[in-house]
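The values are calculated or read from the model by the stated rules, or taken from the named source; none is laboratory data. In this text the structure is predicted, and so the values were computed from the model without any measurement. Here the Cβ positions follow ideal geometry from the backbone for every residue, glycine too, while neighbour counts run over all protein chains shown.
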Amino acid sequence: MTKMKIVEYGDEILRKVTSRVIKFDKSLRKLVEDMFETMYASEGVGLAAPQIGVSKRVLVLDVEYPSGRYTDEKTNKEVTSYNPLVLINPVIIGKDGQIISREGCLSFPNVLIDVIRHKKIIVKYQDLLGKERKLLAEDNLLCRCIQHEIDHLDGKLFIDKPAKAEEVKEVLEKAGFGNVQSPPSSILIG
């Protein structure tokens, strides 16, 4: 596994719609391993392929990682809990309700804003073997994280969905992104 460099706001790949994965091979597994290595090393809970410069419809998640600690009964040592999830070619096929929550992004160091998301989603995706699956997520971090990462695959960013539009400019300026030019994706839709 290799820790990759995370692409930051302003890089044009973050605004491009990604390509569908067709080959479920060794190179895809290597990409996913590198994405997990990068996400865990950066203390993230989700990472989309464009965030490491790869324009493919792949995302990885582990919403239990940062806070999910437990003591191993045999060794009596604290061990990080891992619950990794890989979504390839994900599409939200059902959505309902609305929530506002605080979000950050590995491509935006030191930026946190309130974002509007759906409260409940159903997502269709493929696993590492190409098998189609569905997942229901509702009113939790997993639900918000899936939406955040799928947005990356569509060239959308969390700053495109603020609860308070006036907050975005100020927060970006404070984090050193005030002069970054990054036009919104051409497919900015709910």
Check: Looking at the range 105-129, which of its residues are touching a strand residue (DSSP E or B) at 6+ places or on another chain (Cβ under 9 Å), hydrophobic (A, V, I, L, M, F, W, C) and not in a loop (DSSP other than H, G, I, E, B)?
Finding: 105, 111, 112, 113, 115, 116, 121, 122, 123
Next item on the list: Go through the range 32-53 and count every residue that is surrounded by fewer than 20 Cβ atoms within 10 Å (Cβ to Cβ) and free of Cβ contacts under 8 Å to residues at least 40 places away in the same chain.
Entry: 5
Check: Any idea how many residues of the range 16-54 are among the small types (Gly, Ala, Ser) and over 12 Å from residue 88 (Cα atoms)?
Finding: 6
Notebook entry, point to check: Can you name the condition, by its number, that residue 100 falls short on among (1) surrounded by 19 or more Cβ atoms within 10 Å (Cβ to Cβ); (2) at pLDDT 95 or above; (3) not in a loop (DSSP other than H, G, I, E, B)?
Noted result: (1)
Next item on the list: Just give me the residues in the range 145-175 being in contact with a helix residue (DSSP H, G or I) (Cβ under 9 Å, 6 or more places away or on another chain) and of a type in the set (Lys, Arg), in sequence order.
Entry: 156, 161
Next item on the list: Starting from residues that are surrounded by 12 or more Cβ atoms within 10 Å (Cβ to Cβ), part of a loop (DSSP other than H, G, I, E, B) and small (Gly, Ala, Ser), keep the ones in the range 130-185 and report whichever is nearest to the chain's Cα centre (by Cα).
Entry: 155
